[in-house]
Each structure stands twice: as structure tokens, then as C-alpha cells.
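Below you'll find the structure, written out as C-alpha cells, and then a few comments.
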Amino acid sequence: MSVLELSLFIALVLLGQIAIVAIIIFYRHWRTYLKLKANVKSFGDGLLDEPTMQQVKPGSWQGLRELRVVRKIYENPCKSICSFYLAPVDGPPLPDFLPGQFLTFQFDAKDPATGEHKNVTRCYSLSDRSNTGYYRVSIKRELAPSTPPNLPPGQISNYFHDKVSEGDILYARAPGGNFFLEASNAPIVLIAGGVGITPMLSMLNTVLQEESLREIWLFYGVRNSSEHVMKSHLEALARKHRNFRLCTCYSRPLPSDVIGVDYWQQGRINIGLLRLTLSFRPYHFYICGPTALLESLVPAIDKWGVPRQFVHYEAFGPASIRLPSEKPKSAAPQGSTAKNIFVTFSKSKKTIAWEGDEANILEFAEKSGIMIDSGCRSGSCGTCQVKIEEGEVDYMQPPDIDPEPGHCLLCISRPKCNLTLMA
Ligand SMILES: Cc1cc2nc3c(=O)[nH]c(=O)nc-3n(C[C@H](O)[C@H](O)[C@H](O)COP(=O)(O)OP(=O)(O)OC[C@H]3O[C@@H](n4cnc5c(N)ncnc54)[C@H](O)[C@@H]3O)c2cc1C
């Protein structure tokens, strides 16, 4: 064999080896790609299938039920959040609920402005899983805002912290609400800001108690270890369950807080952090927290390309979330035209043109300076029920409770024609 032939032979062998390695690498990548594609597809298809996790049917009772406080316990070192364990006073055991749902409490309270007694309603998320023999709510003490001065602190949360004791009886409507963990095996990302951790605790405790292998992440944003709710419980869950990843972010860590030990990252939860941390999976997002968190994160997750039906959120107060490609709210609600519709609030003696910009009549009234009592803002608690004197409304979703005849729930309705409301 000549030198040329030998060189050619060696070159061919080398080329052959390179080709074999390239084919193996390509094959591996192709298999990974096909797996991911199948994963997304089967997950998407699964949306229409029967749920894989057993879906509990939320139980119910009519009107208010007596519940006894059987345990009261603070959940963080600074004692800003307190849990109340509730048991039935009589009647059947407490019905199941869906993780993420809330209780609506009613109190006979003094109006701080007028001194008159009136019924006051507040919603509190159930913060543990169903089927424990008790209900648990975890309530943050709402302090008075620093500006303007001399405003009173939150009425009912402070009442809970200061006046409600073990043995006391409270009055609550059955669990309700449309923000709950959907039954499936889809991987989930829970995002909680501050007291928004409460529905997430219920979701987390439910999934992990079932010993399912469902992938679950919790991004929990809180100031520091002093406000950190149920720190040891969350850390114990993360140690025990390999499918659960706990990512706690402290925005203002204390000098004694140690990164990597007490918390995972410094700062607030934002889209950059989520994109860096989460891999390419068809996650379902559940978000609950302050208005600012929702208003920044929900549109950013949408922009990231997460399908809308995979993003679920709840605000504990007013929050207006506009998604970039959403149809302008000025589009008329079904069955009505936004043009030439006027809403009259007879008690406030105001008539205002409905331009269709607000999500519902409650937001419309608030923007017009007419304050109306509200609770859940999702058609479940009945607080914003108002009498219709003239006209009709369209519901954007079926109410969870039936309004009294001739009344409507403002938080989920829009005017169908000229409307006069007793408000
Ligand atoms: C579905 C849902 C679930 C919820 N789950 C939870 C939960 O799990 N845990 C929880 O802690 N909360 C939860 N909330 C919030 C809760 O319902 C109450 O809104 C919260 O406890 C505050 O009620 P409050 O009566 O203490 O305060 P409010 O008396 O309603 O006052 C609210 C704030 O306004 C301030 N304020 C008072 N007067 C004025 C004024 N004139 N002008 C301006 N500001 C004023 C107060 O100081 C206070 O900071 C939930 C809400 C919803 C809708």
C-alpha cells in the first residue's frame, strides 16, 4: 500500500467515525425533540380528556353555617398572619372543597364612619387541603396605610386577630370560587406574593398528600424570614417530595437571613427569574398575590407564549389585568351594544355613559367614584348584589350564588341596555 493510499484509508476511517458520532448525536436530539413534542401534544389533548386525578365535587350548604374556632395559631415570627381552624357546630361533617377555593364570612359590625351596625362580608381562602375534618383560613392583619394619615386599620382582619378566640362561633357561606387547581397530571407552577400563599398551601398540600408524581414548583415572594409563613412546613415538604421545588424569594432579607439556607434568591419574582428557572414544559400557572405582582406577571407570562388556558390567577382585591392581544374592552358585550348605554346609580344620583372599557359594572362604579361593598369579585360571595330598578344585565359567567329576584351581582355583569341600579 502506497503512502497516498494509506493516507486516504486513514482519512476515510476518520470521516466514517465522525459520521457515526454525528448520526448518534443527531438521533439522540431527534428522540428528545419527539418526546417533548409528544409531551406537549398529549398534554394539550389531555385538556379534553377525563381528569386523571380524582376530581372532588365541592360540597355545599345553603346560606350561613355556624363554625367553631377550635385552634388559633400564628404562622410567622412577626405574627402578621394567623390561622384559624374551624369545625362544624352541628349537622353533617364539613364538605369537601377544591384546592384554591375560599370561605365567605359574615359579621354584624359597626360601620367605622357612621357607627351604625351592618352586615360585613369578607372572603378568606382555605389554606389547607380538603378532607381533614376542619377548615383552615390564614388571615393577615391589615395595618392602616401610612398615607394619608389617620385611616383606620383593616376592620375584619384586625377583629380576627384581636377578638376571635378558640371556642368562638363564626358564620360562613359554603366554600366557593372559580380559582382552583384543575385535576390533571400537568406540571404546575404556583406563584404566591405575601398572603397570596394561602390558596397555594391548599393546592400544594392536596397534590403532595396524594403522593402523586406531578411536578410542582412554588415561587413564594415575601419580605424576609420574619414574615415567612409556615417556613418549616414548606421546607419539610421540599425535603420529602422530589417532585416539589420550593423557590422562596426575599425582597428585604434580614441581616441574619442566609441565602441558600433561609431563602433561594433575593428580590421579587419576575418573568426573567421564571424563564431562567423553568425548563421547556407545558406548565399550568396559578398566581395569587398583591395587585402589582398580578398586573406585572400575568401579561408577561402571556407574552412569553404560555397558552391563556394554562394561566390562572386570583387577586385579593381590585386588580385590572389587561393582556396585550385581548380584544379591547370597548367591544360590546354579547347581546348589547356599548354605544348609547347609560347606567344610573339612583342612590348616588349619578348617570354615566357606559363606554364598555371596564370589565364589569362594579369596576365601572368604582372608577366613577361610587363605592359599593364587594367581596370575592368573582360572583361567589354576593356582597355586591344590587337591586335593578330598570333595565337588564348580561352575566360574563354564571354566578355561583343565585341573586335575589330583581337583583344582580355587579362584579360579573355588564349592562345590556340602559340600566338603573339602586346604588
Ligand atoms: C377571594 C378572596 C380570598 C381572600 N383570601 C384571603 C386570605 O386567605 N387571607 C387574607 O388575609 N386575606 C384574604 N383576602 C382579603 C380579605 O378578604 C380582606 O379583604 C382583608 O382581610 C382586608 O379586610 P379588612 O376588613 O381587614 O380591611 P378593610 O377594612 O376592608 O380595609 C382594607 C384596607 O384599607 C384601609 N382603609 C380603611 N379605611 C380606608 C379609607 N377610608 N381609605 C383608604 N384605605 C382605607 C385599611 O387600613 C386596610 O389596609 C381574600 C380576598 C378575596 C377576595
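What the table shows:
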{"quantity": "Heavy atoms of residue 422: accessible area, 1.4 Å probe, square angstrom to 10", "calculated": "80"}
{"quantity": "Projected-area average for region 188-315 over all orientations - Cα convex hull basis, square nanometres", "calculated": "7.4"}
{"quantity": "Long pairs among 163/350; 163/347; 118/349; 118/231; 231/303; 303/416, criterion Cα-Cα beyond 28 Å", "calculated": "163/350; 163/347; 118/231; 231/303; 303/416"}
{"quantity": "For region 341-421, alpha-carbon Rg over 2.2 N^0.38 Å", "calculated": "0.96"}
{"quantity": "Table column - 3J(HN,Hα) (Hz), region 89-105, Karplus curve with 6.51, -1.76, 1.60, x for Gly and Pro", "calculated": "7, 8, x, x, x, 5, x, 5, 9, 8, x, x, 6, 10, 9, 10, 9"}
{"quantity": "Heavy-atom accessible area ranking, 1.4 Å probe, most first, across 348, 83", "calculated": "348, 83"}
{"quantity": "Pair residue 277, residue 392: separation of 7 Å Cα→Cβ label points (nm)", "calculated": "4.9"}
{"quantity": "Compactness of region 66-126 as Cα Rg over 2.2 N^0.38 Å, two decimals", "calculated": "1.39"}
{"quantity": "Accessible-area value, residue 264, 1.4 Å probe, nucleic acids and ligands omitted, Å²", "calculated": "70"}
{"quantity": "Stretchable slack from residue 256 to residue 371, in nm (0.36 nm times residue separation minus alpha-carbon distance)", "calculated": "37.0 nm"}
{"quantity": "Sparse-neighbour loop sites [trypsin sites (Lys or Arg not before Pro); region 211-257; at most 10 other C-beta within 10 Å; DSSP]", "calculated": "242"}
{"quantity": "DSSP-loop trypsin sites (Lys or Arg not before Pro) across region 348-423, with at most 15 other Cβ within 10 angstrom", "calculated": "349"}
{"quantity": "Given charges at Cβ of Lys, Arg, Asp, Glu: the chain dipole, positive-most of 219, 6, 291", "calculated": "6"}
{"quantity": "Solvent-accessible area, 1.4 Å probe, carbon plus sulfur percent, for region 65-176", "calculated": "50"}
{"quantity": "Ellipticity estimate at 222 nm from DSSP helix runs (n ≥ 4, -39,500 (n - 2.57)) divided over the chain, nearest 500", "calculated": "-8000 deg cm²/dmol"}
{"quantity": "Estimated inter-spin distance, residue 407 and residue 210, nm [label 7 Å along Cα→Cβ]", "calculated": "3.6"}
{"quantity": "Region 65-176: proportion of alpha-carbon pairs further apart than 20 angstrom, %", "calculated": "43"}
{"quantity": "Length added when fully stretched, residue 245-residue 118, from 0.36 nm per residue minus Cα-Cα", "calculated": "41.2 nm"}
{"quantity": "Rule-of-thumb Rg ratio for the chain [Cα; 2.2 N^0.38 Å; N residues]", "calculated": "1.21"}
{"quantity": "Calculated FRET value between residue 143 and residue 66, using beta carbons and R₀ = 30 Å, to 0.05", "calculated": "0.50"}
{"quantity": "Mean Cβ count within 10 Å, highest first, over the residues of peptides 185-195, 292-302", "calculated": "185-195, 292-302"}
{"quantity": "Solvent exposure of the chain as accessible area per residue, Å², 1.4 Å probe", "calculated": "54"}
{"quantity": "Long-range HN-HN contacts of residue 342 with modeled amide H, under 5 Å", "calculated": "354, 418, 419"}
{"quantity": "DSSP H segments from the chain that extend 30 Å or more along their own axis, Cα-based, with Kyte-Doolittle mean of 0.5 or above", "calculated": "3-46"}
{"quantity": "Heavy atoms of residue 170 accessible to a 1.4 Å probe, total area in Å² rounded to 10", "calculated": "10"}
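The values are calculated or read from the model by the stated rules, or taken from the named source; none is laboratory data. This is a predicted model, so every value here is computed, not measured. Using ideal geometry, Cβ is built from the backbone for each residue, glycine included, and neighbour counts are taken over all protein chains shown. We work out accessible area using only protein heavy atoms, side chains counted, and drop any ligands, DNA or RNA first. Shrake-Rupley method; radii C 1.70, N 1.55, O 1.52, S 1.80 Å.
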